[in-house]
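Any read-out appearing in this document is the output of simple, stated calculations on the displayed coordinates, not a laboratory observation. These figures come from a predicted structure and were not determined experimentally. No Cβ is skipped: glycine too gets one built from the backbone with ideal geometry, and neighbour counts run over all protein chains shown.
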Amino acid sequence: MRLTINGETREDVAASTVAELLGELKIQPGRVAVEVNLTIVRKTDYGSFSLKDGDAVEIVSFVGGG
């Protein structure tokens, strides 16, 4: 499947849900916010939110500091 992830097009994505995508990318789901096609996905929906060919995904990591 083809997805645009943080502005970069990837043709080789096997994941079909947000949770699977985060696992494929080796990203801890508790430390990020995910947006698909300009819609924020709730963490509780990561496992059921289906991705489709051509989707635009933004993954933002939380960074602590002060």
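Of note:
- Within the stretch 1-41, considering residues that are outside any helix (DSSP H, G or I) and touching a Phe, Trp or Tyr at 6+ places or on another chain (Cβ under 8 Å), the one surrounded by the fewest Cβ atoms within 10 Å (Cβ to Cβ): ALA33
- Tally of residues being basic (Lys, Arg) and touching a Leu at 6+ places or on another chain (Cβ under 7 Å) across the stretch 7-66: 1
- For the stretch 43-66, the set of residues classified as without any contact (Cβ under 8 Å) to a residue 24 or more places away in the chain and among the small types (Gly, Ala, Ser) consists of GLY64, GLY65, GLY66, listed by residue number.
- Every residue from the stretch 42-56 that is under 15 Å from THR9 (Cβ atoms) and surrounded by 10 or more Cβ atoms within 10 Å (Cβ to Cβ): LEU51, LYS52, GLY54, ASP55, ALA56
- For the stretch 21-42, a residue qualifies if it is free of Cβ contacts under 8 Å to residues at least 24 places away in the same chain and either out of contact with any helix residue (DSSP H, G or I) (no Cβ under 6 Å at 6 or more places or on another chain) or over 19 Å from PHE62 (Cβ atoms) (or both), and the qualifying residues are GLY23, GLU24, LYS26, GLN28, GLY30, VAL36, ASN37, LEU38, THR39, ILE40, ARG42.
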